[in-house]
Each structure stands twice: as structure tokens, then as C-alpha cells.
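The next block holds one structure in the form of C-alpha cells; read it before the comments.
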Amino acid sequence: MATIADFFHWLAAKRGYNFSIFYDRFDGTQFLYGIWTTIHLSFFCVLLSVLFGAIGVWLQRSSFEPLRWLVGAYVGFFRNTPPLVQLYFFYFAVDPVLSSALGVKGGLLSNYGWALLVLSLYAGAFNTEIFRSGIEAVPKSTCEAAEALGYTPLQIFRHVTFPLAFRVSFPAMTSNLVNLIKTTTTAYAISVAETLYVANRIWSDQFNVFEMMNVVWVVYLVLVGLFLAFMTRWEKALRVPGFGRSK
Amino acid sequence: MKTWTPSEPIISISNVHKAYGSFQVLKGVSLDVKKGEVVCIIGPSGSGKSTLIRCINGLNDIQSGSIRVEGMEVNDPKLDKLALRKNVGIVFQQFNLFPHKTVLENVMMAPVIVLKQARTEVEQRARALIAKVRLEGKENAYPGELSGGQQQRVAIARCLAMAPDIMLFDEVTSALDPETVNEVLSTIKDLAQEGMTCILVTHEMGFAREVADHIYFTDKGVIVEHGPPDVFFANPKDPRTREFLGKVL
């Protein structure tokens, strides 16, 4: 470890490239903390957004019209506004109003909590539409064959509609989740100490904007790359010969 | 509920009316099928043949009239649909297999999931059925890897796995190329010869003549004429029947 720190010390002193995170313990720890925050914020946002998408598409298919209307309003609200505006709106407008109305001191949720909720709702709106496209791609006749064999509606959903719709939705869902992981950087705006926020703090101290920008770039390249590697393997495992692309 | 005895018609359809919106598809159709009988329904497109057999296992509902299958009133809202569907299998024009499941799984799924039978016992039966439709060796293939004729035979095996008393065939060879039509027809012929009650909607006149005990000719939502195949084909009485047969034979 000492040799790595020595090298970056030398690089900063002699060549003027100041990667302080590799030799300054404080900056290094801070930056690792930022990456770790990005990782768990992304992880929980991905799970929650898929859950919101599933609930959204389920309510959307309800025979009770107000529920379908509600899902339409939700999708419209979160799809038609920028995520940064949504974060500000919930953190600076919704939270103070609600917490004073409910008599809660110090806000309803932490900044991390709002980022998690709002970004999940944001990507969940897209997931709702993505899952809908998947469900609509399952031929009615295939479900009818199951119905004719005596399957209940729930059994049809579990054994026929869901597995097929999930495969159809998968590529679009993956793209949306990649977008979500990248959008966690907007949590910076409400002071969630994720990668970009921490990088900003470091370059404000060290004046090494160029170096930190490169580091942030690489961090996201690697994080999203790992996520995509995982999703690609999963998609391959789901692949069925003769269904969709066969090879 | 009145219990059904095998001496009565296994399927009894009387004065059935069915409309899609303002379009009347069935305008008072009546027919009886006895146990073990093979019945073919022929007629021009849009005459209501497919609608009629889909009504028999409750995939389509009817506006008025009555359909009784083994004593069960199909249109009764209190009907136990599983009891009906366990006994009435239907094979479709487009096969409608589950594309994400292997041949073996396609055949096994319904008994395991719907009837909650033991997997090991079902698997034995499924393998025997796959052999019966002459698809040994294809157990682990996916539907997308099979030809149309092979897929249709899997669809037949999938129905038979439920051990139905009645099989409905809805234009099952219409989506197949001419060479594979025969492999499906011979499977159906085996079933008919084993005494399975079959109703076929078909355009295969030669096949209908060969296997059917009774032929029904439908046009514009009514049964125009019916009779045993030798009488029906040799001496059609109604001008519409004669016109239709003149075109297709």
C-alpha cells in the first residue's frame, strides 16, 4: 500500500496530477464512503423500482377504474418531470409541508430516504410501462390454452404470463435500471454523500477537478459495467431455444 | 344436479344463440353427441363453427340456449369450470404451446399444477403420451425447435395428459403445410379409433368422410344439414351444402 501512496505522492509533486484519494487517508476514506453510498443507494433503488413497476402494472390491470386512473397519474407525474426537479420538489416542498402538518420535527425522511424513494418512484414509473409492454406481448391465445386446461387466472399469470412477459421486458428493464443507477448522481443535489458529491468535496479542497472527474468517470464505467455483466448473464440464463433470438 | 348416464348424449347443445356485439354468430344451434362418437363440423369461414366448439368448454359464453356436457350446464355461473375443463380438452389451430417450457413440461404442467398430481406419476404418463404421438426423443426440445406438425402433436398430448372424456379440435391442421397435415390427422384417427369422443372443426373433407360418424354443415350461424358421412357427401340435399361441397371437393 505504501508504494501506491508513494507513487501518487510523487505523481502529484513531480508531474502535477493530484490524485489525493490514493495517498491522502482522509480523502481516500471519504471517496470510498461515497462509492459505497452509490452502491447501496443504487441497489435499493433498483429493487424498489422493480417492485413499484410490478405494483403499478398490477393495479393498471385492475378492473376497478379509479385504480387504473391512479396508475396513469403516477406514471404521468414521474415520467413527465425531470428527476432533479422531483428530488427538489419532495425534499424542499413536500417534506416541510407534510412534516409541519403532521407535527413531525426534523423532516419525515432523511435526504438519503427521499433520494431512495423519489428515484425508485421515478424509475418505477418507467418499469410500469416496460412491464405492461411485456404483458401485452404475451399472446392471448397462449393464456387461453392454459385457461382451457383448467388453470386459474393466478396460475396462468404465474406459469405463463409472467415468465414470458419478464423475458420480453428484460432488455428494456435493464436499460431503465442502468439509467436509474446513473441518475443516483442527482441525489447530490439534496446532499446525499454519494460518489459525485464526495468528489466535489474533494476537488473543492484539493483543486483537482480534472483528476477527480476522471476518477468519477471510471467509477461509473466500472459500476454500470458490473451491473450489465450480471444482467447479461441473467438474460442468457433465461433464454429459451426457438423463442425470440435463439442463439 | 341431475347425474349423467353414458346412455344419454355426452354433449347436448340446444338452441344456442351467441352474438359478438350486434353480429349474430350462432342463431339457434342444436346438436347431440353420443359417447365415443366422432363428429365433424364443416362450413364456410365465419359460419360459427369455431365459436360453437369454443362454447363447449366455456372459452366463449352464450347468450341463450343450453350446452350440457356430461350433465354439467356450461353456462351456469355456479359451474365448477375445472370439472368441465378436466373432461373437455381443446386443440387449437395455432397450437398455443408454452414456448418457455420443454415438450415434457408442456405435457406435465396441467396435471401437476391444476390437478395437483404427483410429478413422478405424471412424468411416466407424459412420456407415454409423447411416445403415443410419435415424438420420442423430443421430450427436452422447446416448442420453437419443432415443426408445426410436431407442435400440434405436443398440443394433443398436452390435452390427453388431463385424461379428458372429450376432445375438441378447432381447425387443427389449417396452419400446417400439406406434408405435415397427415401426421396430425393420423394421431387424431388413433384417438377416434380408441373410442375418444371427438368434435372436429375441419376443412379436411376426405378426413371427415373417413373418421366421422356424423357430419354437420353450418352456414351463417345455423346448422343447414347433417347426417352420416356417406349420406351427407353422396347426397347433399340443401342447395347451400351442395354449393359449398362443389367448391371444396
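What to note about this one:
- The angle between the Cα long axis of helix A:65-79 and the longest principal axis of the Cα atoms of chain A comes to about 30 degrees, rounded to the nearest 10.
- Mean shadow area of region A:7-165, taken as a quarter of the surface of its Cα convex hull (nm²): 15.3 nm²
- Per-residue mean of C-beta atoms belonging to partner chains within 10 Å, peptide A:150-157: 4
- Per-residue shielding of B:92-99, expressed as the average number of other chain Cβ atoms within 10 Å of the residue Cβ, stands at 6.
- Chain pair B, A: total accessible area buried, heavy atoms, 1.4 Å probe, Å²: 1900 Å²
- The long axis of helix A:195-206 is offset from the longest Cα principal axis of chain A by roughly 10 degrees.
- Sulfur and carbon atoms: percent of accessible area, chain B [1.4 Å]: 49 percent
- For chain B, built as a Gaussian network whose Cα springs stay under 10 Å, the top-fluctuating residue of B:GLY58, B:GLY221, B:GLY137: B:GLY137
- Karplus (6.51, -1.76, 1.60) ³J(HN,Hα), θ = phi - 60°, over region A:112-128, in Hz, Gly and Pro reported as x: 4, x, 5, 4, 4, 5, 5, 5, 5, 5, 4, 6, x, 5, 5, 4, 4
- As a rough guide to protection, the peptides A:208-219, A:119-130 ranked by mean Cβ packing within 10 Å, highest first, stand as A:119-130, A:208-219.
- When the solvent-accessible area of chain A is split by element, carbon and sulfur atoms take up 69 percent of it, the probe being 1.4 Å.
- Distant-in-sequence amide contacts of B:GLY36, defined by a placed amide H-H separation under 5 Å and a gap of 5 or more residues or a different chain, comprise B:THR197.
- In the full protein context, the protein assembly as shown carries 49 Å² of accessible surface per residue, based on a 1.4 Å probe and ignoring ligands, DNA and RNA.
- For B:PHE169, the residues whose modelled amide H falls within less than 5 Å of its own, excluding neighbours fewer than 5 places apart on the same chain, are B:VAL91, B:ILE199, B:LEU200, B:VAL201.
- Spin-label model, B:LYS116/A:LEU98: points 7 Å from Cα along the beta carbon direction are separated by 4.3 nm.
- Normalising by residue count, region A:97-247 has a Cα convex hull of 152 Å³ per residue.
- Global geometry of region B:114-173, whether rounded, prolate or oblate, following the gyration tensor of its Cα atoms and the 1.5 cut on a/c: oblate
- Taking every alpha-carbon pair within the protein assembly as shown, the share separated by more than 40 Å comes to 44 percent.
- Reachable lysines, given that their alpha-carbon falls under 21 Å from the alpha-carbon of B:LYS138 and they are not under 8 places away in the same chain: A:LYS247, B:LYS101
- Pairs of Cα atoms farther than 25 Å apart, chain B, %: 44 percent
- Between the amide H of B:ASN75 and those of B:ILE67, distances stay under 5 Å, these residues lying 5 or more places away or on another chain, with hydrogens modeled in the peptide plane.
- Inter-chain Cβ neighbour count for A:138-146, averaged per residue, equals 5 (cutoff 10 Å, partner chain atoms only).
- Long hydrophobic helices in chain B: the complete DSSP H runs spanning 15 Å or more by Cα along their own axis with mean Kyte-Doolittle hydropathy of at least 1.6 are B:103-113.
- Among B:SER174, B:SER186, B:SER22: highest mean-square fluctuation, GNM of chain B, C-alpha pairs under 10 Å: B:SER22
- Set of lysines near B:LYS237 by C-alpha distance (under 29 Å), chain-local residues within fewer than 8 positions excluded: B:LYS18, B:LYS27, B:LYS34, B:LYS35, B:LYS49, B:LYS189, B:LYS220, B:LYS247
The values are calculated or read from the model by the stated rules, or taken from the named source; none is laboratory data. Please read all numbers here as calculations on a predicted model, not as lab measurements. Glycine gets a Cβ as well: all are built from the backbone with ideal geometry, and neighbour counts include every protein chain shown. The protein model used for the area step is the full one, side chains on, heavy atoms only, and it has no ligands, DNA or RNA in it. Shrake-Rupley method; radii C 1.70, N 1.55, O 1.52, S 1.80 Å.
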